[in-house]
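The values are calculated or read from the model by the stated rules, or taken from the named source; none is laboratory data. All of these numbers come straight from a predicted model, not from anything done at the bench. Ideal geometry is used to build each Cβ from the backbone, glycine not excepted, and the neighbour counts take in all protein chains shown.
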Amino acid sequence: MTAAPVTVRVPAKVNVQLAVGGLRPDGFHDLANVFLAVGLYDEITATPSDRLRITVSGPDAHQVPLDESNLAARAALALAARHGVEPRVHLHIAKDIPVAGGMAGGSADGAGALLACDTLWETGATRDELLAICAELGSDVPFSLVGGAALGRGRGELLEPLETGGVLHWVFAVADGGLSTPAVYRECDRLREAAGTGSSAADVPEPAPSGDLLRALRTGDPGALAAVLANDLQPAAVSLRPSLTETLRAGSEGGALAALVSGSGPTCAFLAKDPEAAEGVAEALLRSATCRAVRVTSGPVPGATVLR
């Protein structure tokens, strides 16, 4: 075990396609989930301690749990149990990814804590072992470890890396307050029932990635990608938070090539042609007063990375 603190940086994600299957008997939904890691980061620092302790700083830190429900704590406990290590670690999370915003901030913290503890405790876990623990923690956690671009199947945890052809420029509009991911999935099921299509796995076609979308990612063509961005959870997120309609409109009118809710929301994502266009979209969103904050960034970027 090393005595020096270990800091790991982990990116946020945007779902450029989120195809949601019907409700399975186990309560989950099969997904075809095309992830892209983007340059908004949380940093998790692991330091030896007399007990497991979580602290958080940064925007909305007060919304992050400090007990064992935190994915960072759960990651440390899972790794410690596998390797017979006492989970005596102080995990400090420096938040910059929006909390409960559909950008996998909690999942990022879980993946970051796992890599930080593995490095601190010198457990020597293999990549496959780390990914297996990530999958136990949550559907988005494995991608937070891997980064780049990937297709997630199953609940999203079965990952296939995807080829990308260039840098894509994004603007994110951060909403006031979060949305519960389970609540958004329940609303998705309710809307499907209300539409008469049914919501079970027997009623809903098996989700599949769009060939046009995968080709657009390979070429790195933002215009081609904009035409095929899709999120099956968007109607549910907008149903629960109707004000998102105004945010999406403001970014589109501000010059975005495409607008969509990121994951389960309520953060909205806007694809821009280039860095200059992204700044224009950001300015339009700020003028619209339809969101709490605006972030400009790009992707894909690497996954969880040890900084020191």
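Restricting to segment 171-210, name every residue that is surrounded by 18 or more Cβ atoms within 10 Å (Cβ to Cβ) and either of a type in the set (A, V, I, L, M) or assigned by TED's automatic domain parsing to the domain that holds G101 (or both). Of everything in segment 171-210, those that are surrounded by 18 or more Cβ atoms within 10 Å (Cβ to Cβ) and either of a type in the set (A, V, I, L, M) or assigned by TED's automatic domain parsing to the domain that holds G101 (or both) turn out to be V171, A173, V174, A175, L179, V184, V204.
Taking only pairs six or more apart or across chains, which ones have beta-carbon atoms under 7 Å, a first residue in segment 246-269 that is outside the structural domain of G178 (by TED's automatic domain parsing), and a second residue that is at pLDDT 95 or above and part of a loop (DSSP other than H, G, I, E, B)? Here the result reads none, with nothing in segment 246-269 linked to a residue that is at pLDDT 95 or above and part of a loop (DSSP other than H, G, I, E, B).
Answer with yes or no whether G102 is within 20 Å of G152 (Cβ to Cβ), out of contact with any Cys (no Cβ under 8 Å at 6 or more places or on another chain), touching a residue at least 12 places away in the same chain (Cβ under 8 Å) and in a loop (DSSP other than H, G, I, E, B).
Values: within 20 Å of G152 (Cβ to Cβ): yes; out of contact with any Cys (no Cβ under 8 Å at 6 or more places or on another chain): yes; touching a residue at least 12 places away in the same chain (Cβ under 8 Å): yes; in a loop (DSSP other than H, G, I, E, B): yes.
Criteria met by G102.
Of the residues making up segment 281-308, those that are buried (at least 17 other Cβ atoms within 10 Å of the Cβ) and over 21 Å from the mean Cα position of the chain (by Cα) are V281, A284, L285, S288, T290.
Check S252, S262, S243 and return the single one that is closer than 20 Å to A183 by Cα and touching a strand residue (DSSP E or B) at 6+ places or on another chain (Cβ under 6 Å). Before you say what the answer is, go through the steps one by one.
Numbers: S252 fails: closer than 20 Å to A183 by Cα; S243 fails: touching a strand residue (DSSP E or B) at 6+ places or on another chain (Cβ under 6 Å).
Residue meeting the stated conditions: S262.
Residues that are of a type outside the set (A, V, I, L, M, F, W, C), in contact (Cβ under 8 Å) with a residue 40 or more places away in the chain, assigned by TED's automatic domain parsing to the domain that holds D140 and outside any strand (DSSP E or B) are absent from segment 30-38.
For beta carbons closer than 8 Å, sequence separation of 6+ or different chains, a first residue in segment 63-74 that is in the same structural domain as L114 (by TED's automatic domain parsing) and over 19 Å from V10 (Cβ atoms) and a second that is assigned to a loop (DSSP other than H, G, I, E, B) and at pLDDT 90 or above, the qualifying pairs are E68/L52. Consider R155 carefully, then state whether it is assigned to a loop (DSSP other than H, G, I, E, B) and among the basic types (K, R). Answer is yes for this residue.
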